[in-house]
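Notes for the one structure printed next.
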Amino acid sequence: MDGSGPRAGRAQSYFSVSSMFRDHVRDLPEWIEFHRLVGAERFFLYNNASSEDWQTALGPYLDSGIVTVHDWPLSPGLTEAIDHCIEHHRHDSHWIAFIDVDEFLFAPDGASVPDVLRDFEQSPGVGVNRYPFGTSGHLTRPEGLVIENYVRRAAVLNNVIKSIVHPPAVVRSQGVHCFVYKDGLMAVDELHRPLDPERPIGPKRRSGAAFTQTFSAERLRVNHYITKSFEEYDAKMSLPRPDTGGNRQNPALDWQVVRLHAVRDETILRYVPQLKAALEGVGRG
């Protein structure tokens, strides 16, 4: 199934989300309903050779036009999917967030994401810092929501971003975290500080566009559920990277899993009651 434009007569959305997925079928409704709660109107998804029955899981959203799915067998194909979304949905949404299906974007104070974004209308993009979450001690996948099962994260944070962009201002993606904008424009972080591609970040990183000067996630944040359970982490590590096709196996990553247990962080739990109610209603309307 493929959709490369807005439904006939459908007005432009203000805030939408795009991602590429390979399976994760059981988690997709939670991810979609969560982002609907925080203000997303549409979802532009890229199916990267899933073996699971995603059509059934996404059926109600496909029928309503909330979700558009592009068949995307290219591997690795994440950066190409991002560029395709920019080109084919450039005029379908005022803002598009490019995040993974294990990432949850929200405003920590409970505001809607669109309300926050209205303060950034003069910028071509907004970079959002991420909190990395680990297994919370789960050996196998537990019952219940991702956001309520995984509440422990790292204490030491890096300044890498994920981007929310105004598509007409974008030239192309610059990897999976940041973008090149028209007329030399620069995205900003939540403090309106420019994300300058000419700012060097360490000896091996050539661009500052994917990193904030300091970590700040008071207005917008991404919870990144890197591992989920140990079982799911092992399955994830067996797959190639979706952006480069390279091997994920890395002893340093295994050590990081231990570090992802340092701090209990329940900020996102304010959404649990509403999210459960929304999931119970899926398919009834």
Check: Once you wrap a convex hull around the alpha carbon atoms of segment 78-168, what is its projected area averaged over all directions, in nm²?
Finding: 7.8 nm²
Next item on the list: Please work out how much length the chain gains when fully extended from Glu198 to His91, using 0.36 nm per residue of separation minus the C-alpha to C-alpha distance, in nm with one decimal.
Entry: 35.6 nm
Notebook entry, point to check: With a Cα-only, solvent-free Debye model of segment 1-112, what are the log10 I(q)/I(0) values at q = 0.09, 0.18 Å⁻¹?
Noted result: -0.21, -0.88
Checklist line | Of all accessible heavy-atom area on segment 20-165, the percent that carbon and sulfur account for (1.4 Å) | finding: 47 percent
Next item on the list: Could you check the simple spin-label distance between Thr140 and Arg259, using points 7 Å along Cα→Cβ, in nm with one decimal?
Entry: 3.1 nm
Notebook entry, point to check: Tell me, what is the per residue accessible area of the chain in Å², probe radius 1.4 Å?
Noted result: 46 Å²
Margin query: Quick check on the chain: helices-only [θ] at 222 nm, where DSSP H runs of length 4 and up contribute -39,500 (n - 2.57) each and the sum goes over total residues. Nearest 500, please.
Written below: -6500 deg cm²/dmol
Check: What share of Cα pairs, in percent, lie more than 22 angstrom apart in segment 120-237?
Finding: 43 percent
Notebook entry, point to check: Once Rh is set to the Kirkwood radius over Cα pairs, what Stokes-Einstein translational diffusion coefficient, in µm²/s, holds for the chain at a temperature of 20 °C and a viscosity of 1.002 mPa s?
Noted result: 111 µm²/s
Check: For segment 38-133, which trypsin sites (Lys or Arg not before Pro) are both in a DSSP coil and crowded by at most 14 other Cβ atoms within 10 Å?
Finding: Arg90
Notebook entry, point to check: Among 221-227, 236-242, 58-64, how do they line up from the highest to the lowest mean number of other beta-carbon atoms within 10 Å?
Noted result: 221-227, 58-64, 236-242
Next item on the list: Above 16 angstrom, tally the Cα pairs of segment 80-125 and express them as a % of all pairs, no decimals.
Entry: 51 percent
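The values are calculated or read from the model by the stated rules, or taken from the named source; none is laboratory data. Computed from a prediction, not measured in an experiment: that's the story for all the values here. FYI the Cβ positions are ideal-geometry reconstructions off the backbone, even for glycines, and counts take in every protein chain you see. All accessible areas refer to the heavy atoms of the entire protein, side chains included, with ligands and DNA or RNA removed. Shrake-Rupley method; radii C 1.70, N 1.55, O 1.52, S 1.80 Å.
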